[in-house]
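In what follows, a single structure is set out as structure tokens and then discussed.
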Amino acid sequence: MLSVTIYSFSYKRGIPADESGNGGGYVFDCRSTHNPGKYEEYKSLTGMDQPVIDFLEKDGEILTFLESVERLVDHHVERFVERGFEHLQVAFGCTGGQHRSVYSAEHLARHLRDKYKVRVHLIHRERGVEKMMD
């Protein structure tokens, strides 16, 4: 069964290493999208909190970004499953690893879990959160 590791991270601490030994995968830069961290009311929240989710989705910019991400990753997942590969890594980076990258990683993890029979290992590196989604 394919296992997909999805990271959120801060570019200030560097891109996460691929511990699978495969190398490769995707690194997406979320810094081009509207940053809720610029506003006082969101500074203490993360991309897992409803006010940040509402901000990002109402703005819509991140959803357009994620549509492109989903098309790329879906194709990769389908080919990896066909070919019997065991691991794919996808990482989302932003300035602090708190808002946009966390939202994006959560979004893609749910998308893959709902669409494919794959194991999803979600890691919010800067938040210290890890979860498995089967």
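A few remarks follow.
- Label-to-label distance, Ser20 versus His75, with points set 7 angstrom from Cα along the beta-carbon direction: 1.8 nm.
- Tilt relative to the chain, helix 100-115 - C-alpha long axis, 0 to 90 degrees, to 10: 40 degrees
- The range 11-26 - phi-based ³J(HN,Hα) in whole Hz, Karplus 6.51/-1.76/1.60, Gly and Pro as x: 4, 4, 9, x, 6, x, 6, 8, 7, 6, x, 7, x, x, x, 10
- DSSP bridge pairs, the chain: antiparallel proportion in percent, nearest 5: 20 percent
- Amide H partners (placed H, <5 Å) of Phe28, local residues excluded: Ala91, Phe92, Gly93
- Remark: the range 76-134 carries a charge dipole of roughly 60 debye about the Cα centre, counting +1 on each Lys and Arg Cβ and -1 on each Asp and Glu Cβ.
- Mean Cα-pair separation over length for the range 3-133, i.e. relative contact order, pairs under 8 Å, 6 or more apart, %: 44 percent
- Modelled label positions at Lys117 and Asp49, each set 7 Å beyond Cα in the direction of Cβ, lie 4.0 nm from each other.
- Over all distinct Cα-Cα pairs of the chain, the Kirkwood formula returns a hydrodynamic radius of 14.8 Å.
- In order along the range 74-82, the phi-based Karplus estimate (6.51 cos²θ - 1.76 cosθ + 1.60, θ = phi - 60°) of 3J(HN,Hα) comes to 4, 4, 4, 4, 4, 5, 5, 5, 4 Hz; Gly and Pro are listed as x.
- Ellipticity estimate at 222 nm from DSSP helix runs (n ≥ 4, -39,500 (n - 2.57)) divided over the chain, nearest 500: -12000 deg cm²/dmol
- Cα-centre dipole for the chain with unit charges at Cβ (Lys and Arg positive, Asp and Glu negative), debye to 20: 240 debye
- For the range 39-50, Karplus couplings with θ = phi - 60° (6.51, -1.76, 1.60), whole Hz, Gly/Pro x: 10, 3, 5, 10, 4, 8, 9, 10, x, 9, 8, 4
- For the peptides 53-62, 118-127, the ranking by mean Cβ contacts within 10 Å, running from highest to lowest, is 118-127, 53-62.
- Amide hydrogen neighbours beyond the local backbone of Gly47, cut-off 5 Å, H modeled: His99, Val102, Tyr103
Since every read-out is calculated from the coordinates, none of them should be taken as a lab result. What you are looking at is a predicted structure, and each value in this text was computed from that prediction instead of being measured. No Cβ is skipped: glycine too gets one built from the backbone with ideal geometry, and neighbour counts run over all protein chains shown.
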